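Written below as C-alpha cells is the structure these notes are about.
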Amino acid sequence: MASVGMENTAARSGREKGSKPVRLAPNYWPFVIPALVVISAVIVFPWVFTLWMSAHRWTLGQEQSFIGFDNYIRLAGDARFWESLWHTLLYTVLSVVAPLFLGTLAALVFDAQFPLRGFLRGVFVMPMMATPVAIALVWTMMFHPQLGVLNYLLSLVGIGPLEWIYNQSTVIPSLVLVETWQWTPLVMLIVLGGLASIPREPYESAEIDGANAWQKFRYLTLPMIAPFLMIALIIRSIDAVKSFDIIYAMTQGGPGTASETINIYLYNTSFAYYDIGYGSAMAVIFFIAIVALSFVLLMVRQRTNWSEMEER
Amino acid sequence: MTHSLLKPTRRGFLAGTTAIGGSALLGIRPASAAINWKKHAGTTLEVNLVKSPRSETLIKYLGEFQELTGIKVNAEATPEQQQRQKVVIELSSGKPSFDVVHLSYHVQKRQFEKGKWLADISGFLKDPSLTDPSLVEADFADAGMQFARDADGVLRSLPFSVDYWIIYWNKELFEAKGLKYPETFEEMVTAAEKLTDPSTNTYGFVARGLKNANTPVWTSLMLGYGAKPIGADGKLATDSKEAVEAAKLYQRLMTKAAPPGVSGFNWAEAQSAFLQGKIGMWFDGVGFAPPIENPEKSRVVGKVGYGVMPKGPSAQASGTFGDGLGVVEASTKKEAGYLFCQWAISHEMGARLLQAGAGVPFRQSILEDRKVREGVKMPAAWLDAVVGSGKISQLALPVIIPVTEFRDSFGVGLTNMIGGADPATELKKATEQFAPVLARSEG
Amino acid sequence: MKRKTLDRIGLFFVALVMISPVVLFFLWMISLSLKYEIDNGAYPPILIPERFAWSNYVRVFEENNFFLYFWNSVLVTGAATILALLIGVPAGYGIARLKAEKSAVVIMIARMTPGLSFLIPLFLLFQWLNLLGTLWPQIIIHLVVTVPIVVWIMIGYFETTPKELEEAASIDGASSWQVFRLVALPIAKPGIVVSFILAVIFSWNNFVFGIVLASRETRTLPVAVYNMLSFEQVSWGPLAAAALIVTLPVLLLTMFAQKQIVAGLTAGAVKGG
Amino acid sequence: MASVNIQNVQKRFGAVRVIHGIDIDIQDGEFVALVGPSGCGKSTLLRMIAGLEELSDGEIRIGTREVSNLPARDRDIAMVFQNYALYPHMTVKDNMGFALKLKKAGAEETRAKVDRAASILGLESLLERYPRQLSGGQRQRVAMGRALVRDPQVFLFDEPLSNLDAKLRVQMRGEIKALHQRIGTTTIYVTHDQVEAMTMADKIVVLHDGVIEQIGAPLELYDRPANLFVAGFIGSPAMNFIRGRVEEGVFRTGNGLTLPLPQSANPATLGGRELICGVRPEHIRAVATGGIEGRVELVEGTGSEIYAKLTCKSDEIACLFRERLAVRFGDTIRIAIDPSTVHLFDIETGKRI
C-alpha cells in the first residue's frame, strides 16, 4: 500500500498549494480530437480560405491581387446576383410549401389503415433517396415539349402543350415539380412520425364534445403535429435553398437566367467564368444568408413547440 | 490586340486550298521513314479530350498510335462544358494532370494564351525527326493557323478539326410545300414560315435557343450582315445596326417558325426534334450528319438535304469554329505529346474523321484527296456543304478571354427575345453588362 | 363494420393515386431505358416497345467503363462512410458528454453550407498534397458531407442514452475507452445504423464534388451518368439505363431502411434547439 | 470492507456551494443512510464518494486509502442507481459479470461469483434474460446482484427503491436490510424517504441545504432531534410546531392555548422569549375529561389508527390515535400531552432546548 500513501501525500500537497483538484470525470476530448482535426481541415479551412479569396481579384490563369471589399461592392451592384437571389427565394418558398402541403396530406392517408399500406408507403418513399442527377436527366426527357411524355399525358385531357423547363415563365415551377416529387416523401415520413406520437385521449374527448372530422384536424391534429411540420420546414428550407444538382442537370439556370439561383450563379462564376474571387464573395454572402435563415427557423421552431418533443 | 485575328479569313483560306492542292499526293502513311516514332517508347501520356465524335475517333484508333510509338496513352474524354472547366482549373494551378489538351479555339484561345499554358511547338514542326514532311503550316486552312498561332505568331497547337455551321433541311417537307432550298436569308425566313403548321406539330426552323449555346447562331447570322461582335477597331459592336438586324432575324425565325420551348433547346433538343421529321430546317454545326443518317435514331434517313448558309444582305458567310490539340507547357513529355498531336491530325486520322462524318479536318490535303472523298460514308451533299462552307468561312465568335461570359450575356438577351423582348433593347442591355467584363479581362 | 371496410378500400385508392407519380416516373424511366432511340422519340409515346433495346444497358457498360465507375463509387462512398463513422461516432459521443454546444453548432452549419464552396480551397489543398488523380480527394471531400451527418445524428443518440449506465460502468472498473466501447457504443447501435445509411446515400448521390475532382480513372457514377450527355449524340435510352443503374442501389436501400432514414433526418432538427 | 471517512468535503458548482464542509465517520460494516429533502446535496455527496463527482475541497478515505483523487474505477466500491442502470445490451448474467470481466477474472471465477449472487437474490432463473424482459423488482435485484458480485469495500445506494410501487418497496427494503445483515459490507444509502432511513440504517445523516443537520442512530433522531428541521423531517405524520412563550410554568400560545413543559425545562431561564413547542401527533392521547379541548376539523382513519386535526383555541394540532375513537367532523374532544414527549426549540436558531 506504499504507492497509495505516496499518492495520498502528493494529492494533499497539491491541494495545499491551492491548485485545482485532479479531474475525475472521464476526459472526453480524445474522442473529439480526430474529428476536430478532420473538420478543421476539410470544413473550417475552406471557410477561411474562401473568405480570404473573396478579398482578392482572382481569375484563373491571371495574376491575383488584393482588392479588399471590391468584390462585395461589385456584388451589390450586380443585377444578375439580385435576380438570382430572387429566384432562390421563389424556388425555396415553392419547394417548401408544396411538399409540406402534399406531404401532410399523404401522411394523413398513410396514417390510416388500409390494405397494402406498408408496401405502398415504401413505393411512395422511393424518390426521396434516388440520385438527383439521374432523376433530373429522366425528368428532362419527360419535359421535352414535343417528345416528352408529360405533354402527351396532358394532351389526353386536353391541356397544353406546356413548355415546362423550356420557357422562362414555367421553368421554376417545373423544377419545383421535380423537387416536390422528390421530397414530399420526406415530409410525409416526418409528419407520420408526428401523427404516431399524438395521444388518443384528446380525440375521444373531442368526439364527446361533438367535433367533426375537419374540426378535429384543425383544432387537434394540426396544432399537435405543428412541431413536426416545423422540422420538415427547416430541413426542406435548408435543402431547397442550396439545391444544385437538379437545376444544374436540367437547365443550368436557363432558359436565359430564368432559373439561375445563387448556387448556380456561384458555380458559373467560379467554374465557367473562372472568377474565383468574385465567386468566393458570393459564397460568403450565401453562407451568411443560410446561417441566418436557419437560426431564424430554429427560433420560430422553439416557439411552436407544444411540449418537449419525445427524444426518439 | 484581337482584331488581327478577326479579319476575314476567306482569302487566305482559298489560297490555302489551291496551294496545297497537290500535297494530297504525298501519301497517306503517317509513318514516314524519317520520323523516329519510337523515340519515346515506354512513356505514358495523359491526354485530355472533349467528348465528341472527333475525340471518339481518336480513342477508337488509339491502339494504332500506341503500337506505332510504344507510348502508352491514357485518354480521357469529358463533355465539353466540364472539360473546359476542369482543364482551366488544372492548368491554372500549374500542375495539370495531363500532357496533351484538346481545346476549343473559339472559346479558349485567348485564355490559354494569356495563361501561357501551351508549349511552343514551332521547333518540333521544323524537326524532321519529329515531323512528317507532309505536315507544313501551309497545308492548314487559314482559319486553323490563325487559331493555332498566338498573338506573337508562335505556334502553340495543331488545328484538329473545323466546324462550319450549315443548314440541315428536310427535303420531304420542302417538297410537300413546293419549296426550294433558300438562297438568301429572306427566302429562308419565308420558307420557314410556310413550312410551319402547329396543327400538325410541324415547324419550319430550329436552332439553339438555350442561353450561351444560342449566341453562335446570332453571331453567324450577323456575318451575313457583314458585321462581327467586335469591330475592326477592337470595340464591342454588339448593339450595332447589323447586330440588331441579325437579332431580329433570329427572333423572327425562333418565334414564328420554331417549335414551342425552343428557348430551352441546345443542339440535343434541336436534333431530337429534327430527327423526328417534323422540322423543316435545322441550323447548327456540320458534325450532325451521322445521327441523321442512322436509322436507329432517325426517321429522316435519306430525306435530308445539306445546305450552305444562305446569303445575307451583305455577305454569304459560314460561321466557323474549331478545335485543336496542344502540348501543355507544364508537361515533361512535350515531344511525346507532340507526336500524339501529330498523329491525331495526320492524313490518315483526318481521313477517318471526314469519312465517318465525325468532323472536318483543317488540313486541305485531306479534303482535296479524291480517294478520301470517295470513302466518305455521308451523302455527297454533306461533303459539298462542307467544301462550300469552307469557301465562305469566317470566325463567328470574338477571340477574347471571357467568351463564356460573352455567350452567356448575349445568350440571355437572345432567349429573352424568343420570349418577346425587343432585340435592340436586349442587345444594348447585354452590351452594357458585358463591356466591363471584357475590360476587366484584358486589364 | 361495413362502413369501415368501404373506408379502407377508399383510402387504398387514394393512396394509389398518391403513389401514381412515383410509379409512372419509374415505369417511364424503365421504358426509356429499354427502347431504341427511334421509339424514345416517337409521338405519341410508346410505353412498351415492340423490340426491347437491351443493348442500351450493354452500351452503358461497354462504352463507359461503368464497372470501374461503379467500383469507384463503392470505394469513395465506402471509405468516406467508414472514415466518417470512425471519427464521427466518438466525436458525437464526446460532444454529447462534454455538452459542447458550440461545436455542435459548427457541425450544424457545416451541414447547411453549400458543397460548392468547399471545392476550390480543397482542390488547391489536394494539389499541394499531390493527391489529385487518386480517389483520395473525393473520399476526403465526401467527408464534408458524411462527417457532419454522422456526428450530428450521434450527438442526438448519445444525448438520449442515460449517463448513469456509463457511471455504473466506470464504477464497475471500466476506463473511459472501455465505457465507450463496451457500454455507450453497443447501446447506440441503432444510431450508428442510421448514420451509416444516410452517409452512404448522401455520399453515393453526391454529384458536385465529382464534376471538378473526378478524372478518367476516378470518376464516380453520378458524374459518369451526367457525362453521358455527350456531344452530337442524343441517347435517351442509354442515358435512362445509366440513370437507373446509378440510382438502383440507393433505391433498394431506401425501401428497406426508410424508418432509420427518417429517424436520422429528423434527428438534427429535433435536437436542433 | 472498510470504514469511510469524510472530512470537510465541499462542493461548489461555480459560485454556488451545494455542500458546505461535511464530516462523517462511517465504521466498517455500518449501514448509513443519507436523508434529506430533494436538493439537499445527498446525491452529490454520494457521487463524490463514488468518484463520479469531483471534490471542491476536503478528503474522503475508504479504509486507509485517500480516494479523493482516484477515479471511480479504482475506488473498489459498488453502486446501485435509482433507475438501476442495467446495461440494456447484456443479459442478466453479463450485467452481473461485467465488473469481473473488466478485471479480467477467469470464466470459472466469474460464473461462480455470479451464481452465488444470483442465488442470494433469487435470480437463478433469470440469468439469460435481458433487462427489458424483467419487472421492476427483478431489475432492482439484478442491480444489487451486480454490486454484490463485485464484493466491494463499500456499497452505495442512490434512492434505489423510489421507482418501485409501495408494496414492493417495503419488501425490497426488508431484503436489502437482510442482505446487509448477512454480508456486513459497509453501506451508504441515499434516500429522501425518512421511513426507509429509520427502518434500515444503523446511523442516519440528515442533510439540509448542503450541511449536516444531525447524525445519529434512528431512535436518537426521533427522540432527541437536534433542531426544528430534523424534528420536522423525521417521523410521520410530522411533528406539530406551536409558537408561544413560557409563562407561569406553562407554554402559552398567542391564542391562549396552554401546553405542558418538559420536566427538564427550566421556566426561569426560558421566560419571556418566543419559542416553538414541538409535539409528535402520536404522543397525544384522547381523554374523557381534563386536558385540552379541541374541535375536530378533519378525520382520516386507516383502521389501525386515526389521524385527526383539531383546532384548539385557534391553534391547529394534529393527533394520531391508536385506539378506535368515534370522532366525526365537528365533534369536540379532549386531549392530553405527556410532558416527557414535549420538545422546545429556539425560534431564532431552531436548536432544541
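The values are calculated or read from the model by the stated rules, or taken from the named source; none is laboratory data. Quick caveat: nothing in here was measured; it's all calculated off a predicted structure. Please note: Cβ atoms are built from the backbone with ideal geometry, for glycine as well, and neighbour counts cover all protein chains shown.
Go through A:Ile231, A:Ile235, A:Ile225 for me and flag whichever is of a type in the set (Val, Ile, Thr), buried (at least 24 other Cβ atoms within 10 Å of the Cβ) and facing another protein chain (nearest Cβ under 7 Å). First the steps, then the outcome.
Details: A:Ile235 fails: buried (at least 24 other Cβ atoms within 10 Å of the Cβ); A:Ile225 fails: facing another protein chain (nearest Cβ under 7 Å).
Just one listed residue meets the conditions, A:Ile231.
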Answer yes or no as to whether B:Gly42 is surrounded by fewer than 22 Cβ atoms within 10 Å (Cβ to Cβ) and within 18 Å of C:Asn65 (Cβ to Cβ). no
So is D:Glu293 without any contact (Cβ under 8 Å) to a residue 12 or more places away in the chain, at negative phi and of a type in the set (Asp, Glu) or not? no
For the range A:152-209, which positions are small (Gly, Ala, Ser), in contact (Cβ under 8 Å) with a residue 12 or more places away in the chain and more than 21 Å from A:Ile231 (Cα to Cα)? A:Ser169, A:Ser174, A:Ala206
Of B:Ala380, B:Ala424, B:Ala385, which residue is closer than 27 Å to B:Asp239 by Cα and at pLDDT 85 or above? B:Ala424
Just one listed residue, out of D:Ser162, D:Ser125, is small (Gly, Ala, Ser), surrounded by fewer than 22 Cβ atoms within 10 Å (Cβ to Cβ) and within 14 Å of chain C (Cβ to nearest Cβ), and it is D:Ser162
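With the structure loaded, tell me whether A:Val187 is touching a Lys or Arg at 6+ places or on another chain (Cβ under 9 Å), in the same structural domain as A:Val97 (by TED's automatic domain parsing), surrounded by 14 or more Cβ atoms within 10 Å (Cβ to Cβ) and at pLDDT 80 or above or whether it fails that test.
Considered against the rule, which asks whether it is touching a Lys or Arg at 6+ places or on another chain (Cβ under 9 Å), in the same structural domain as A:Val97 (by TED's automatic domain parsing), surrounded by 14 or more Cβ atoms within 10 Å (Cβ to Cβ) and at pLDDT 80 or above, A:Val187 comes out as yes.
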With the range C:116-202 as the region, which helices (runs of 4 or more DSSP H) entirely inside it contain at least 3 residues that are in contact with an Asp or Glu (Cβ under 9 Å, 6 or more places away or on another chain)? C:136-160
Selection within the range B:180-207 - in contact with a Leu (Cβ under 7 Å, 6 or more places away or on another chain) and either free of Cβ contacts under 8 Å to residues at least 60 places away in the same chain or over 23 Å from B:Phe288 (Cα atoms) (or both): B:Lys194
Report every pair of residues separated by at least 6 positions or lying on different chains whose Cβ atoms are under 6 Å apart, first residue within the range C:102-120 and more than 7 Å from chain A (Cβ to nearest Cβ) and closer than 18 Å to C:Gln138 by Cα, second among the aliphatic types (A, V, I, L, M) and assigned to a helix (DSSP H, G or I). C:Gly115/C:Val208; C:Leu119/C:Val212
Can you find, within the range C:1-56, the residue that is farthest from C:Pro238 (Cα to Cα) among those that are facing another protein chain (nearest Cβ under 7 Å) and of a type in the set (Ser, Thr, Tyr)? C:Tyr43
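Determine if the range D:130-150 includes at least one residue that is among the small types (Gly, Ala, Ser), more than 19 Å from D:His180 (Cβ to Cβ) and out of contact with any strand residue (DSSP E or B) (no Cβ under 6 Å at 6 or more places or on another chain).
Step one: of the range D:130-150, the residues among the small types (Gly, Ala, Ser) are D:135-137, D:143, D:145, D:147.
Keeping just the survivors that are more than 19 Å from D:His180 (Cβ to Cβ) gives D:135-136.
Filter once more, keeping what is out of contact with any strand residue (DSSP E or B) (no Cβ under 6 Å at 6 or more places or on another chain): D:135-136.
Yes - at least one qualifying residue is present in the range D:130-150.
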Taking the condition touching a residue at least 60 places away in the same chain (Cβ under 8 Å) and more than 14 Å from chain B (Cβ to nearest Cβ), does C:Val150 pass? yes
For the range B:155-164, indicate whether the set of residues that are of a type outside the set (D, E, K, R), closer than 25 Å to B:Val262 by Cβ, touching a residue at least 24 places away in the same chain (Cβ under 8 Å) and in contact with a strand residue (DSSP E or B) (Cβ under 9 Å, 6 or more places away or on another chain) is non-empty. yes
Just the residues that are under 14 Å from B:Glu245 (Cβ atoms) and of a type in the set (A, V, I, L, M, F, W, C), please, taken from the range B:415-443. B:Met417, B:Ala424, B:Leu427
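Residues are listed down the side, and each one gets a yes or a no for (1) among the polar types (S, T, N, Q); (2) modelled with pLDDT under 90; (3) surrounded by fewer than 21 Cβ atoms within 10 Å (Cβ to Cβ); (4) over 24 Å from D:Lys177 (Cα atoms):
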| site | (1), (2), (3), (4) |
| --- | --- |
| D:Leu46 | no, no, yes, no |
| D:Glu54 | no, yes, yes, yes |
| D:Pro88 | no, yes, yes, yes |
| D:Asn95 | yes, no, no, no |
| D:Val114 | no, no, no, no |
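Please give the strands (runs of 3 or more DSSP E) falling wholly within the range D:2-106 in which 2 or more residues are basic (Lys, Arg), out of contact with any His (no Cβ under 6 Å at 6 or more places or on another chain) and in the same structural domain as D:Leu123 (by TED's automatic domain parsing). Please lay out each step first, then the result.
Working: elements: D:4-13, D:16-26, D:31-35, D:57-62, D:77-80.
Counting at least 2 such residues, we get D:4-13.
From the residues in the range A:138-148 that are at pLDDT below 85 and more than 8 Å from chain B (Cβ to nearest Cβ), which one is farthest from A:Gln252 (Cα to Cα)?
Our first condition is that a residue be at pLDDT below 85; within the range A:138-148, this holds for A:141, A:144-148.
Cutting the leftovers down to more than 8 Å from chain B (Cβ to nearest Cβ) gives us A:141, A:148.
On the way: A:Met141: 15, A:Gly148: 19 Å.
Per the criteria, the residue is A:Gly148.
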When the range B:400-443 is examined, which residues are found to be at the interface with chain A (Cβ under 9 Å from one of its Cβ atoms), outside any helix (DSSP H, G or I) and hydrophobic (A, V, I, L, M, F, W, C)? B:Ile401
Go through the range D:295-317 and give me each residue that's crowded, with 20+ Cβ neighbours inside 10 Å and at pLDDT 90 or above. D:Ala308, D:Leu310, D:Ile317
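Suppose the filter is assigned to a helix (DSSP H, G or I), more than 7 Å from every other protein chain (Cβ to nearest Cβ) and surrounded by fewer than 22 Cβ atoms within 10 Å (Cβ to Cβ); does A:Leu120 pass it? Spell out the reasoning first.
Details: assigned to a helix (DSSP H, G or I): yes; more than 7 Å from every other protein chain (Cβ to nearest Cβ): no; surrounded by fewer than 22 Cβ atoms within 10 Å (Cβ to Cβ): yes.
Against the criterion (assigned to a helix (DSSP H, G or I), more than 7 Å from every other protein chain (Cβ to nearest Cβ) and surrounded by fewer than 22 Cβ atoms within 10 Å (Cβ to Cβ)), A:Leu120 does not qualify.
Which residue is farthest from the other protein chains (Cβ to nearest Cβ), if the candidates are limited to the range B:292-304 and must be buried (at least 18 other Cβ atoms within 10 Å of the Cβ) and not charged (D, E, K, R)? Break it down into steps so the answer makes sense when it comes.
To start, the set of residues in the range B:292-304 that are buried (at least 18 other Cβ atoms within 10 Å of the Cβ) comprises B:292-293, B:297-298, B:300, B:304.
Then keep just the ones that are not charged (D, E, K, R); that gives B:292, B:298, B:300, B:304.
Values: B:Ile292: 11, B:Ser298: 7, B:Val300: 11, B:Val304: 15 Å.
Among those that are buried (at least 18 other Cβ atoms within 10 Å of the Cβ) and not charged (D, E, K, R), it is B:Val304.
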Which pairs turn up if I take residues in the range B:128-143 that are in the same structural domain as B:Met349 (by TED's automatic domain parsing) and look for partners that are of a type in the set (Lys, Arg) with beta carbon separation below 8 Å, at least 6 apart in sequence or on another chain? B:Ser129/B:Lys39; B:Leu130/B:Lys39; B:Asp139/B:Arg363; B:Phe140/B:Arg363; B:Ala141/B:Arg363; B:Asp142/B:Arg11
Taking the range D:150-197 and keeping residues among the aliphatic types (A, V, I, L, M) and without any contact (Cβ under 8 Å) to a residue 40 or more places away in the chain leaves D:Leu161, D:Leu164, D:Ala166, D:Leu168, D:Val170, D:Met172, D:Ile176, D:Ala178, D:Ile183
Return only the number of the condition from (1) at the interface with another protein chain (Cβ under 7 Å from one of its Cβ atoms); (2) surrounded by 22 or more Cβ atoms within 10 Å (Cβ to Cβ); (3) at pLDDT 85 or above that C:Ile201 does not satisfy. (3)
Give me the pairs: first residue in the range B:82-102 and more than 13 Å from B:Gly337 (Cβ to Cβ), second residue acidic (Asp, Glu) and modelled with pLDDT under 85, beta-carbon distance under 8 Å, and six or more apart or on different chains, which are they? B:Ser97/B:Glu90
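I'd like the full set of residues that are among the charged types (D, E, K, R) and more than 8 Å from chain C (Cβ to nearest Cβ), limited to the range A:91-117. Talk me through it step by step, then tell me what you get.
We begin by selecting, within the range A:91-117, every residue among the charged types (D, E, K, R); these are A:111, A:117.
Scanning the range A:91-117 gives a single hit, A:Asp111.
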